[in-house]
Amino acid sequence: GQSLEQPSEVTAVEGAIVQINCTYQTSGFYGLSWYQQHDGGAPTFLSYNALDGLEETGRFSSFLSRSDSYGYLLLQELQMKDSASYFCAVREDNTDKLIFGTGTRLQVFP
Amino acid sequence: DTEVTQTPKHLVMGMTNKKSLKCEQHMGHRAMYWYKQKAKKPPELMFVYSYEKLSINESVPSRFSPECPNSSLLNLHLHALQPEDSALYLCASSQISGADEQFFGPGTRLTVL
């Protein structure tokens, strides 16, 4: 089966940089996605990495190491509005099912 | 239009009631999904529709009955629910089934009394 582990909570101050890690165990692997979900809101797709390396999209970057079964989401120049839960996700082998990680709650303080 | 809409936003129902959740997207996506999410937990897949046909049922109890009337609409019919079914029900869509980028609706907050 598949499992994705994330830290349960991360705190940081405005303007700082924070890294949210995701380690996964999968029988097959296509790529790693990241989603953001504000309290009471819908999950929103942030990024997808299929190959090793760093993908940058504005203040957010996502990294993948397939050999280490590890990825992370890097958030720079943190803003209060970045306070949310962040989920990594992978597609289950040979299905169309997306499996979400345990989720990391990010709290940004002034 | 890059939005998935869901109605109602909130729903309170008794264990003997029958109700339906509705989801709509106009992005031309051919895959639609129902997820259940409990507080402080990740979304859990319930059903997947691909080209209006049910392709995945994650062993969901029969008191939840999905329906896909057309490529833009997805319903979830609820009957004889239990209090433990109280959760946020999220609808999502993607261009094709299995896509990693899914577009989620705001969800229906369901409370079963």
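Derivation of every value follows stated rules applied to the coordinates shown; laboratory data play no part. The structure displayed is predicted, hence computed values, not measured ones. Reconstructed Cβ throughout: ideal geometry from the backbone, glycine too, with neighbour counts over all protein chains shown.
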Tell me, in nm to one decimal, what length is gained between B:MET15 and B:ASN57 on full extension, where the rule is 0.36 nm per residue of separation less the Cα-Cα distance? 12.9 nm
Between B:LEU113 and A:GLN19, what is the label-to-label distance in nm when each label sits 7 Å out along the Cα-to-Cβ direction? 5.1 nm
When the gyration tensor of the protein assembly as shown is built from Cα positions, what are the square roots of 5 times its three eigenvalues, in whole Å, from largest to smallest? 30, 20, 16
List the relative contact order of chain B as a percent without decimals, with contacts defined as Cα pairs under 8 Å and 6+ residues apart. 37 percent
Expected vector for region B:37-47, Karplus 3J(HN,Hα) from phi with 6.51, -1.76, 1.60 and θ = phi - 60°, integer Hz, x for Gly and Pro, equals 9, 8, 4, 6, 10, x, x, 10, 5, 10, 9
Per DSSP, loop chymotrypsin sites (Phe, Trp or Tyr not before Pro) in region B:15-57 with at most 15 further Cβ within 10 Å: B:TYR51
Count, lysine Cα pairs under 20 Å in the protein assembly as shown, 8 or more residues apart or across chains: 19
Dividing the mean separation of Cα pairs under 8 Å (6+ apart) by the residue count of chain A yields a relative contact order in percent of 37 percent
With viscosity set to 1.306 mPa s at 10 °C, what whole-number translational diffusion coefficient in µm²/s follows for region B:17-88 from Stokes-Einstein and a Kirkwood radius over Cα pairs? 124 µm²/s
